[in-house]
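**Student:** Pasting a structure below so you can have a look.
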Amino acid sequence: MRREIHKKLIEGAPFAYAYQRVIADDSGRIVDYLFLEINSAFETMFGVKRHEVENRRVTEVIPEIRTVDFDWIGYFGSIALDGGERDFEVFVPHLEKWLRVCAYSAEEGTFAAFVFDVTAEKSNATEIERFFEVNLDLMCITDLHGRFVKTNRAWSTYFGYEPDEIIGRDYFSFVHPDDVPSTQKTLERLTQKLPVPAFVNRYRAKDGAYRHIEWKPHRYGEFVYASGRDITDRIAAENELRESRRQLTSLFASLPGMSYRCRNDDDWTMEFVGEGGLELTGYRPVDLIGNAVVALNDLIHPDDRDHVRKAWQRAIADKTEYSGEYRIVSRAGAIKWVWERGRGVSTSDDDAVFAVEGFITDITERKLAEFAVARQNGFQKLIAEISTEFVGATIDTIDEKIDTMLRKCGEFFDVDRSYLFRFSADRKAMSNTHEWCAPGITSQKQSLQNMSLDLFPWWAARMRDRIQNKKPVLIPDVDAMPQEAAAERELFAEQEIKSLFCVPIESHGEALGFFGFDRVKKKGTWDKQLDSLLTVIANTIADALEKNKLEHELTRSSITDPLTGLFNRRHLYSRLGSLIDQFKRQDGSLCVAMLDIDHFKNLNDSYGHAAGDIVLTRFAEILGEGVRSFDIVARYGGEEFVVVLVGAVAGLAASIAERVIENVRECEFEFSGDVVRFTVSCGVADITEIPRNSLTSDSLIDLADRRLYAAKMSGRDKIVSSEFGSHPARTTGS
C-alpha cells in the first residue's frame, strides 16, 4: 500500500518526475539513458506524451540535449554510477524556461530526476534586488576571482566591517585557513558553471573571532550572488541534522515539503506523513499520524480553516484537483505560508471520497516578499495621493485635506486612532486639531484642547528630544511607562490607549506639533519601518502647513487694515454682499452700524497723529470686544468704522452700539502728559428698511451714513436708528 501511495503522490505531484536507466558504450562511457517512467507533470513541462517517452532514449525524445552547453548525459550518468543526490538550476533555451533539477540514485545504473519550473522566481530578481539592502541575512556579489563587488548592511552588523573595508578584497583573506580548500572548490565549480549546493565556512570578524556562515551561491553571468546566514550558535546540531537528511534513502525525504495522505474528516486525520513534515511543522510524522499529538486542522491558522475546508470540499465535489495557499502555525509558534496541492481518493464501488492525498510546501519567503512589495507600493501610492491633495489645498480646504490624510493613514497602517496636534505660538500648550477614529473608537479631540505642556513634563521632554534628534516617540506599552510619567499614563489610560507612536512635525527648525497613531483595542507591534514612513508623512504635513501659513498671512494682509487689524473696506463689501444675497433668497435679519470718532481732526491737531493712531487702535479694540464674535467689524476709512450685525434687528443693533459708545466714554489714556478722552457717534440701518429691488451694500451703508450724519448734527456722542431715532445713548455728550 505504501508503494501505491508513493506512486499516486508522484503522479499527482506539481513537479516533473522521470525515472531512467543509463546506457554505456563498449568502453563503459555513458552515452545515453533510457526513460523508464515519467509523470503527468513531465509530459506538460517538456511537451511530450508518456507513450512516446517511456522505454525510449533521451536523445530520441529530446534531441536538443546534444546541442546545449551543459553535459546532461555525463552529469546524470555520474549520479547513476556514483550514487548520491544533486540539485542545480539551468536555463533551457528551447523551452525558454529556468528549471531546478534534483537528481537522486537509489540503484546503481538508474536515477530519478525531479524538475521544478522556477522561471517565475527568476523574473522576480529585480524585486529581490530591492530587498538586498534591507535583508537581515548576509548578502554579497563577487566576481569569478573571489573579489567582493557588493555587500549589504548585514556585514557591518555581523562582522563589524564597513563596505570600503570589504569591496574589492579577496574574500579568501577572511575565510578560516581550514575552510579555504573547500571554498576554493566551490568557486571552481561556479567558474565552470556547475551547480553548487549550500555550504558552510567560517569567516573572520573585525574583532578576530570566526563565525560559521551557511552560504547559498549562484552564478549569473560573470558574477556570483550569495546569501549567508550566521549559524554559529547551532552549527553542531544543524550539521548533524543536515548530514542525516543527506543520508536518507527515502525518495520523499529529498522533497522540499511534506507529502501526506489523510482522511476527509474534520481533523484531516493523517494516515501517512513524509519526512518533510518535521521541517515544515516542527512535528515528527509519528506526532501527526492518527492525531497522536496534534491534528493537521489544528495547525492551520484559525482564520484560514474555514476557507481551506470549503475549497477542498468544492474540489472533491467537482472531482478536480485542489490547489491553494494558506497559513499554518508551527510547533514553535511561527506562522508560515504554505502551498498545498492534492486530490481526493475514492473507492471504486461508490466513488465516495474517503481520503485526500497531496503535497504541502513552505512559501513563506515568497509571500513575505510579495507582502513587502505590496506594502511599499501601497505606501508610495498613499504618499502620492496625500501630496497631490495637499498641493491643491487652500485655506478653506486644508482642514478637510488633513482629515482625509488621517483617515487614509489610519486605514493603511491599521490603527485605531490617528491625529494631529499643534503647539501654541509660545510652545507652552498643545491642542488636538484633527483626528480620525476607526469604527467603534471614541473621539478624544474635544477633551484635548489647549493643554499645558507643564502638566506633562515627561512627554514634553521626550518630544523636545525627539524634535531635536528627528526621531519618533514610541510607547509600545502604556502600562509599562515609568513612574515619572504618571500624569501621561493616567491621561492615556483615560483614553484607553494601549500603545502609541508619534512623529514630530517641524519646519525650518520650528516645532509645529506632532502626528501620531494610537492602538486602543490591543497593544500590537509597530513595524520597524514605521519611523521612516511616518517621517515622510510628517514632512509632507509640515510642507502643507507652512504653505497654508503663508497663504493665510497673504490673505490676512489683503483683507485687513494694517493699523487696527480690523477687516478693510474691500473685505467688508465682499462679506456684506454675500449676506445681502442670502437675505434676498431666505429673508432674515441684519443691521449695519456706522461709527465715527467725534472731533478726530481736533485730536490730531491738538496731540499729533501718533495720538490719533492710539485713538484709532483703542477704539478698534473697544469695538471688537463690544460686538458679538460672529459680527463683521471693519475700518471703513479714516476715523469711520462699520459693523455688520448678523441676525440682529434694529433694536438689538442699537443696544450693542449703545454699549460700545458707553465703553468709549470710559476710555482714557495719557499722552505727552495730557489725559486724552474721545467719543463716537453712530448711525444704524436695518436691512428691512430698503426695498429689495434697490437693496445693495452701498444703499444699506448710505442709510447708516445718513443717520450717522444726523447723530453728528444733533450734538454727537449719539445713536440714530429707526428704532430709537436720535438719542444720546442714555447720557448726553458734547
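**Student:** Could you check what % of the DSSP bridge pairs in region 560-727 are antiparallel, to the nearest 5?
**Tutor:** Counting only bridges with both partners in region 560-727, antiparallel ones make up about 90 percent.
**Student:** In the calculated pair distance distribution of region 637-699, what percentage of Cα-Cα distances lie above 17 Å?
**Tutor:** On the way: 1091 of 1953 pairs.
For region 637-699, the fraction of Cα-Cα distances above 17 Å is 56 percent.
**Student:** Could you run the Karplus curve 6.51 cos²θ - 1.76 cosθ + 1.60 with θ = phi - 60° over region 654-665 and give me ³J(HN,Hα) per residue in whole Hz, x for Gly and Pro?
**Tutor:** Listing the rounded values in order: 5, 5, 5, 5, 4, 5, 5, 4, 5, 5, 5, 4 Hz.
**Student:** If you don't mind, there's one more thing I want to ask. Suppose R0 equals 41 Å; then what is the FRET efficiency for D170 and T119 from their Cβ-Cβ distance, rounded to the nearest 0.05?
**Tutor:** Step by step, r from the Cβ atoms, then E = 0.75.
**Student:** Can you figure out the FRET efficiency of L36 with F70, using R₀ = 25 Å and their beta-carbon distance, to the nearest 0.05? Let's see the in-between values first.
**Tutor:** Numbers: r = 22 Å, r/R0 = 0.89.
Calculated value: 0.65.
**Student:** Around V31, which amide H atoms from residues at least 5 apart in sequence, or from another chain, sit under 5 Å from its own amide H, with H modelled in the peptide plane?
**Tutor:** HN-HN under 5 Å from V31: I23, A24, D25.
**Student:** Amide H of R169: which non-local residues (sequence gap of 5 or more, or other chain) have their own amide H closer than 5 Å, using H built in the peptide plane?
**Tutor:** Residues meeting the amide H criterion: F148.
**Student:** Could you tell me what fraction of 2.2 N^0.38 Å the Cα radius of gyration of region 257-362 comes to, as a two-decimal ratio?
**Tutor:** Normalised Cα radius of gyration, region 257-362: 1.00.
**Student:** Over the chain, what relative contact order in percent results from Cα pairs under 8 Å that are six or more residues apart?
**Tutor:** It comes to 5 percent, rounded to a whole number.
**Student:** By the scheme Lys and Arg +1, Asp and Glu -1, what is the net charge of all other residues having a beta-carbon under 11 Å from that of I467?
**Tutor:** Value of the local net charge: +3.
**Student:** Compute the acute angle (0 to 90°) between the alpha-carbon long axis of helix 72-82 and the principal axis of greatest extent of the alpha-carbon atoms of the chain; round to the nearest 10°.
**Tutor:** Helix 72-82 sits at roughly 60 degrees to that axis.
**Student:** Okay, moving on. Using the scaling law 2.2 N^0.38 Å as the reference, what is the normalised Cα Rg of region 2-121?
**Tutor:** Output field value: 1.02.
**Student:** OK, next. Which percent of the Cα-Cα distances in the chain go past 38 Å?
**Tutor:** 63 percent
**Student:** Hey, could you get me the Stokes-Einstein D for region 125-241, Kirkwood radius over alpha-carbon pairs, 10 °C and 1.306 mPa s, rounded to whole µm² s⁻¹?
**Tutor:** Details: Rh = 14.5 Å.
The estimated diffusion coefficient comes to 109 µm²/s.
**Student:** What is the order of C667, C437, fewest Cβ neighbours within 10 Å to most?
**Tutor:** The fewest-first ordering by Cβ neighbours comes to C667, C437.
**Student:** Can you say what percent of the DSSP beta bridges in the chain, counting only those with both residues inside, are antiparallel? Round to 5. Walk me through the numbers on the way to the answer.
**Tutor:** Details: 135 of 139 bridges.
Counting DSSP beta bridges with both partners in the chain, the antiparallel share is about 95 percent.
**Student:** Here's something else I'd like to know. What FRET efficiency, computed as 1/(1 + (r/R0)^6) with R0 = 51 Å and r the Cβ-Cβ distance, is obtained for N135 and R407, rounded to the nearest 0.05?
**Tutor:** Numbers: r = 33 Å, r/R0 = 0.65.
For N135 and R407, the calculated efficiency is 0.95.
**Student:** Determine the percent antiparallel among the DSSP beta bridges restricted to region 257-362, to the nearest 5. Each step should come with its number before you reach the end.
**Tutor:** On the way: 27 of 28 bridges.
Around 95 percent of the beta bridges assigned by DSSP in region 257-362 are antiparallel ones.
**Student:** More than 26 Å apart: what percent of Cα pairs in region 560-727 qualify?
**Tutor:** Beyond 26 Å sits 24 percent of the P(r) for region 560-727.
Every number in this text was worked out from the coordinates using simple rules, so none of it is lab data. Note that the structure is a prediction, hence the values are computed from the model and not measured. Glycine also receives a Cβ, built like all others from the backbone with ideal geometry; neighbour counts cover every protein chain displayed.
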